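Contents: one structure, followed by commentary.
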Amino acid sequence: MYLKIEPTPVQEIKWPGMDNTLYIKRDDLIPFSFGGNKVRIANQFLQAMEARGCDCLIAYGQSKSNLCRICANLSASMGIPCYVISALDENAAYQESFNSRMVRQFGAEIRICKKTQVAETVAALFEELRGKGKNPFYVYGDIYGKGNEALSCGAYRKAYAEIHEYMEKNGPFDALFHASATGTTQAGLIAGTVDCGDALPVIGISVARNKAAGEKAINDNLAAMDLAVNPDIIHFEDDYTAGGYGLYNEEIDQVIRTMLRENGIPLDPTYTGKAFTGMLSYLKGHDIHGKKILFLHTGGAPLFFDWLQK
């Protein structure tokens, strides 16, 4: 049985010295496997997998991947075999995390490869599983990671309606910020604003990619949904990556501590803590005051616990 995801709460938070009014949409509170945006996305994948007559799932991501954890958990709950391809940077060693430990706990099989070997690893796994009479579903489509963009983006194209309905009842926000990685969530949110006729700026704070790569990914995702938008509404900010994926600095560390102390909300250094820190810097750098700002909490609680162990 697939998940029925109810609208997640929006709460006002306090922040020292802030003269904007800050709100957080708590997708981290989706009540499955520590929540987060990947619950919505993985739920889409599992439904598509069944519709296509597939009987096992292949996920892809690094050891910290929230998507891999949730795909493995959803698969386990439905009795579906799950395989996770985990790619390493050149000369990098595999690093266990709370997410990767849970992937194993859920019974998923992890295949480790270099980033340069992802396509051939997916192809080999396809061949292996088909040789066993299985019909695998790869979350990103074909062996090159193409084909399911509209499917994954559709999760937040639908979810944006929750924000629209909130604004209809409580007044508009002036901007929506969130952590942007592959551009899937951001493209979905942008599509949602178009569907609802809203002029709400969706500002993605990059957790790793540079501006050119991030904007290309968003545009590719929009194209996969057959949606053309004015380039001016794509806001992908790469000034706050702290050196790359999974890296963070003392400023991000302090923001995580402040959020937990002031509001009791966990952020993580890979996604939400980095994005919230970037949002604060963006507001200051663009001299934005007296506005009503929404931050989408895309989850990552296990990464918060990784951070606590440092």
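The values are calculated or read from the model by the stated rules, or taken from the named source; none is laboratory data. On a predicted model such as this, the values are computed, not experimentally measured, just so you know. Quick reminder, even Gly has a Cβ in these numbers, built from the backbone with ideal geometry, and neighbours come from all protein chains shown.
So which pairs qualify, if the first residue must be in segment 291-303 and among the hydroxyl-bearing types (S, T, Y), the second must be part of a loop (DSSP other than H, G, I, E, B), the Cβ gap must be under 9 Å, and the two must be at least 6 apart or on different chains?
As it stands, the answer is T298/G36; T298/Y271, since those pairs meet every condition given.
Across segment 83-95, what is the number of residues that are more than 25 Å from L129 (Cα to Cα) and either modelled with pLDDT of 90 or more or not charged (D, E, K, R) (or both)? Spell out how you get there, then give the answer.
Applying the first criterion (more than 25 Å from L129 (Cα to Cα)) to segment 83-95 yields 89-93, 95.
Cutting the leftovers down to either modelled with pLDDT of 90 or more or not charged (D, E, K, R) (or both) gives us 91-93, 95.
Residues in segment 83-95 being more than 25 Å from L129 (Cα to Cα) and either modelled with pLDDT of 90 or more or not charged (D, E, K, R) (or both): 4 in total.
Step by step: first the residues of segment 14-25, then only those that are of a type in the set (D, E, K, R) and surrounded by fewer than 16 Cβ atoms within 10 Å (Cβ to Cβ), then the one that is farthest from G273 (Cα to Cα). Which residue is that?
So the first thing to find is which residues in segment 14-25 are of a type in the set (D, E, K, R), and the list is 14, 19, 25.
Still in the running and surrounded by fewer than 16 Cβ atoms within 10 Å (Cβ to Cβ): 14, 19.
Values: K14: 16, D19: 20 Å.
Ranking the candidates gives D19 first.
The rows are residues; the columns are (1) closer than 20 Å to G188 by Cα; (2) assigned to a strand (DSSP E or B).
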{"residue": "E6", "(1), (2)": "yes, no"}
{"residue": "G17", "(1), (2)": "no, no"}
{"residue": "I24", "(1), (2)": "yes, yes"}
{"residue": "S33", "(1), (2)": "no, no"}
{"residue": "L74", "(1), (2)": "no, no"}
{"residue": "V84", "(1), (2)": "no, yes"}
{"residue": "Y94", "(1), (2)": "no, no"}
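Pull out all pairs, ordered by first then second residue, where Cβ-Cβ is under 7 Å, the residues are six or more apart or on different chains, the first lies in segment 1-21 and is farther than 30 Å from L46 by Cα, and the second is modelled with pLDDT under 95.
none
Taking only segment 214-244 into account, find how many residues are free of Cβ contacts under 8 Å to residues at least 60 places away in the same chain, more than 19 Å from A161 (Cβ to Cβ) and either in contact with a strand residue (DSSP E or B) (Cβ under 9 Å, 6 or more places away or on another chain) or not assigned by TED's automatic domain parsing to the domain that holds Y160 (or both).
12
Considering every residue within segment 265-284, establish whether at least one is of a type in the set (D, E) and either surrounded by fewer than 22 Cβ atoms within 10 Å (Cβ to Cβ) or more than 20 Å from the chain's Cα centre (by Cα) (or both).
No.
State which residue is modelled with the lowest pLDDT when the search covers only segment 96-134 and only residues that are touching a helix residue (DSSP H, G or I) at 6+ places or on another chain (Cβ under 8 Å) and assigned to a loop (DSSP other than H, G, I, E, B).
Applying the filter and picking the extreme gives S97.
Residues in segment 49-62: is at least one surrounded by fewer than 17 Cβ atoms within 10 Å (Cβ to Cβ), over 25 Å from D306 (Cα atoms) and touching a strand residue (DSSP E or B) at 6+ places or on another chain (Cβ under 7 Å)?
yes
For segment 265-279, indicate whether the set of residues that are in contact (Cβ under 8 Å) with a residue 40 or more places away in the chain and at positive phi is non-empty.
Within segment 265-279, none of the residues are in contact (Cβ under 8 Å) with a residue 40 or more places away in the chain and at positive phi.
Mind telling me which of the residues Y23, Y2 ends up being at pLDDT below 95 and in contact with a Leu (Cβ under 7 Å, 6 or more places away or on another chain)?
Y2
Against the definition (among the polar types (S, T, N, Q), surrounded by 19 or more Cβ atoms within 10 Å (Cβ to Cβ) and over 17 Å from E50 (Cα atoms)), how does T121 come out, yes or no?
yes
Among the candidates S86, S97, S75, single out the residue that is crowded, with 17+ Cβ neighbours inside 10 Å, among the small types (G, A, S) and touching an Asp or Glu at 6+ places or on another chain (Cβ under 7 Å). Lay out the reasoning, then the answer.
Numbers: S86 fails: touching an Asp or Glu at 6+ places or on another chain (Cβ under 7 Å); S75 fails: touching an Asp or Glu at 6+ places or on another chain (Cβ under 7 Å).
Residue meeting the stated conditions: S97.
Would you check which residues across segment 241-264 are within 17 Å of the chain's Cα centre (by Cα) and either farther than 19 Å from S281 by Cβ or surrounded by 13 or more Cβ atoms within 10 Å (Cβ to Cβ) (or both) and list them? I'd like the intermediate steps shown before the answer.
Step one: filter segment 241-264 for residues within 17 Å of the chain's Cα centre (by Cα), giving 241, 244-247.
Across segment 241-264, the qualifying residues are T241, Y245, G246, L247.
Hey, among A119, A155, A161, A150, which residue is out of contact with any strand residue (DSSP E or B) (no Cβ under 9 Å at 6 or more places or on another chain) and farther than 23 Å from T298 by Cβ?
Residue meeting the stated conditions: A119.
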